[in-house]
Amino acid sequence: MSILAGLWEPFATFGFMRRALVASITLGMGAGPVGVLLQLRRMSLIGDAMSHAILPGAAIGFLAAGGLSLTAMGLGGIAAGLGVALLAGLVSRRTHLAEDASFASFYLTSLALGVLIVSARGSNIDLLHVLFGTILAIDGPALYLMAGITTLSLFLLSFIWRPLVMECVDPGFMRMTGSRGALYHMVFLFLVVINLVAGFEALGTLMSVGMMMVPAATARLWTRRLVPMMALSAMVGMLAGFTGLLVSYHFRLAAGPCIILTCSAAYLFSLIASPVGIRAGGGGSSPFRSH
Amino acid sequence: MSYGAIGLDDAGVTLHGTPVWQHVTGSFPPGSMTAIAGANGAGKSTLLRAILGEVPLAAGRITLGGLRAQDFGYLPQARIIDRAFPISVTDMVLSGAWRQTGAFGAAGRTVRQRAADALRRVGLEKQAGRMIDALSAGQFQRLLFARLLMTDATVIMLDEPFTALDAPTTQDLLALVREWHAQGRTIIAVLHDMHQIRTCFPHVVLLSGGQAIWGETARILTPGMLQRAYDTPQPTWAGSPA
Ligand SMILES: Nc1ncnc2c1ncn2[C@@H]1O[C@H](COP(=O)(O)OP(=O)(O)OP(=O)(O)O)[C@@H](O)[C@H]1O
Ligand SMILES: [Mg+2]
């Protein structure tokens, strides 16, 4: 088998590989740009917390549907993620905890709760599916859901682009102009949640946030322009999907981790190769710039 | 565009149980140019924020003479601007045209032309294509003035706008403020430089001991008044420990 054939043959031969490829391309396209904004707003931790928060919701969906039902778990996940986002916003407004500190305390609770619910009814296999996803078992409806979420998030992002960016840069000025900064912030959190839910089907609770964060961190090492950064982040995610699936196929490794590890490899490479990476010292002009 | 004075009528602000200033009565007539002076902690920033409705009044009232929120341009003292965010100098200035473009409208040729003019006016035309994190603090302050220029605000409120700026930059930006005044805009600026106040600001509000002394600069900024405003220890009120 030639090397070239090895690149396309798995996808030509197996329908599940094709679906997995479409799924990871779709995920990368949606999660990449959202991840860039999440990092620029210094909310990486919050993304992590939200991904955990989705778990109990999905678990309740799992219970309600009596099995691994995509729709029920997706809806449950979205509801739980939004609930936690709202709750954390409230808590940080009431107390003087920073938003990420309040998120961090919610997410451990959510994780425990989710694992408890799934393991009460389901098998260990179910639990593994929920935690780590089943990208090789993605079916038609799951793909439609992912494609819908990616379409919606790219559309919403471009629609609220200006207020969202200005709310990141200078929230005080936004308030002066009478804009509803908090509203755009909520829309953005909604985008984070739905993209995590999309990733959750394929990569599971624990890794779906990887598709959002690692490509974004990689892209930030190559450009300082926002739109190219988001495009690059999406590209890295999509390419990592393709490469990770091939690696997993040829070496008989689990697909989800291979995809995320490919993202990590891209990140490591960029850290070393990019002009603003390690070689620049301190990752940019200011020691406080990047995560 | 006709509007009345911004008026304070026996107004008082209390923050966390401690009165900041009380029984403040006075007005900023349309087109006036007023400096706000007083020691650190006297409540100067609080006065600006009270006018903007950002801090609630404990007593009295503030009338805006028909001005709406979007008629105000405000440069706060404590800015929470994310200067590391990857956005260009031009885009930052364009955001000043919010009243024309809104959240979704296009920034057409006239708006872009005005943005370029505003940047030229503050001497940043060469930096137009840069990202905001590539500006020095003084250049960034120039950028904020350019954005203020874009907003075309009727009332411009500046909270210590020249802190940490070198003399040429201060002179440039002060000239811009005087230009705004000459165009009939109302200027309210918190300043610590008495010389600046004396030479450029016809009126002054001196916050001292929880009170506001309001009037013509020459009459207010007397050695005795300044002594009282800046040299007395932190003001005490009945009920609080001396
Ligand atoms: N959020 C707040 N909560 C409680 N007290 C506050 C708050 N903000 C300000 N204060 C108090 O109100 C008083 C006035 O504060 P303000 O910021 O208006 O002073 P300032 O005159 O602008 O001082 P500076 O010259 O240092 O800027 C201070 O004594 C301050 O401690
Ligand atoms: Mg102040």
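The values are calculated or read from the model by the stated rules, or taken from the named source; none is laboratory data. Keep in mind it's a predicted model, so treat the numbers as computed, not measured. Heads up, the Cβs are rebuilt from the backbone with ideal geometry, glycines too, and the neighbour counts pull from every protein chain shown. Just the protein is used for accessible areas: all its heavy atoms, side chains included, with ligands, DNA and RNA removed. Shrake-Rupley method; radii C 1.70, N 1.55, O 1.52, S 1.80 Å.
Structure data summary
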{"item": "Meets criteria (within 16 Å of ligand 2 (Cβ to nearest atom), under 24 Å from B:Phe145 (Cβ atoms) and either under 20 Å from the mean Cα position of the chain (by Cα) or surrounded by fewer than 17 Cβ atoms within 10 Å (Cβ to Cβ) (or both)) for B:Leu64", "result": "no"}
{"item": "Meets criteria (crowded, with 16+ Cβ neighbours inside 10 Å, in a helix (DSSP H, G or I) and either touching a Lys or Arg at 6+ places or on another chain (Cβ under 8 Å) or of a type outside the set (D, E, K, R) (or both)) for B:Ala42", "result": "no"}
{"item": "Qualifying residue in the range A:196-212 (condition: within 14 Å of chain B (Cβ to nearest Cβ) and in contact (Cβ under 8 Å) with a residue 24 or more places away in the chain)", "result": "no"}
{"item": "B:Gly12 being surrounded by fewer than 22 Cβ atoms within 10 Å (Cβ to Cβ), away from chain A (no Cβ under 14 Å) and within 16 Å of ligand 1 (Cβ to nearest atom)", "result": "yes"}
{"item": "Test set (1) farther than 11 Å from B:Thr151 by Cα; (2) at the interface with another protein chain (Cβ under 8 Å from one of its Cβ atoms); (3) more than 16 Å from ligand 1 (Cβ to nearest atom) - B:Arg99 fails condition number", "result": "(1)"}
{"item": "Test for A:Val236: is it away from every other protein chain (no Cβ under 14 Å), open to solvent by 30 Å² or more (accessible area, probe 1.4 Å) and either modelled with pLDDT of 90 or more or under 18 Å from the mean Cα position of the chain (by Cα) (or both)", "result": "no"}
{"item": "In the range B:80-95, the residues that are more than 7 Å from chain A (Cβ to nearest Cβ) and either among the basic types (Lys, Arg) or open to solvent by 30 Å² or more (accessible area, probe 1.4 Å) (or both)", "result": "B:Arg83, B:Thr90, B:Asp91"}
{"item": "The listed residue being at pLDDT 90 or above and within 16 Å of ligand 1 (Cβ to nearest atom), out of B:Leu135, B:Leu75, B:Leu64, B:Leu119", "result": "B:Leu75"}
{"item": "All helices (runs of 4 or more DSSP H) inside the range B:121-200 with 2 or more residues being farther than 27 Å from B:Phe28 by Cα", "result": "B:137-151, B:167-182"}
{"item": "Tally of residues being more than 8 Å from ligand 1 (Cβ to nearest atom) and in contact with a helix residue (DSSP H, G or I) (Cβ under 7 Å, 6 or more places away or on another chain) across the range B:37-54", "result": "1"}
{"item": "Within the range B:45-54, tally of residues that are open to solvent by less than 10 Å² (accessible area, probe 1.4 Å) and near ligand 2 (Cβ under 10 Å from one of its atoms)", "result": "2"}
{"item": "Residue, farthest from ligand 2 (Cβ to nearest atom), within the range B:68-79, restricted to residues that are open to solvent by 20 Å² or more (accessible area, probe 1.4 Å) and among the hydrophobic types (A, V, I, L, M, F, W, C)", "result": "B:Ala69"}
{"item": "Check on A:Ser119, within 14 Å of chain B (Cβ to nearest Cβ) and open to solvent by 10 Å² or more (accessible area, probe 1.4 Å)", "result": "no"}
{"item": "Only listed residue being of a type in the set (Ser, Thr, Tyr), farther than 16 Å from A:Gly172 by Cα, more than 16 Å from ligand 1 (Cβ to nearest atom) and part of a strand (DSSP E or B), chosen from B:Thr25, B:Thr90, B:Thr110, B:Thr34", "result": "B:Thr25"}
{"item": "Any hit, the range A:167-179, residues being open to solvent by 40 Å² or more (accessible area, probe 1.4 Å), within 14 Å of another protein chain (Cβ to nearest Cβ), within 30 Å of B:Phe104 (Cβ to Cβ) and at pLDDT 95 or above", "result": "no"}
{"item": "Boolean, B:Gln100 is open to solvent by 20 Å² or more (accessible area, probe 1.4 Å), modelled with pLDDT of 90 or more and among the polar types (S, T, N, Q)", "result": "no"}
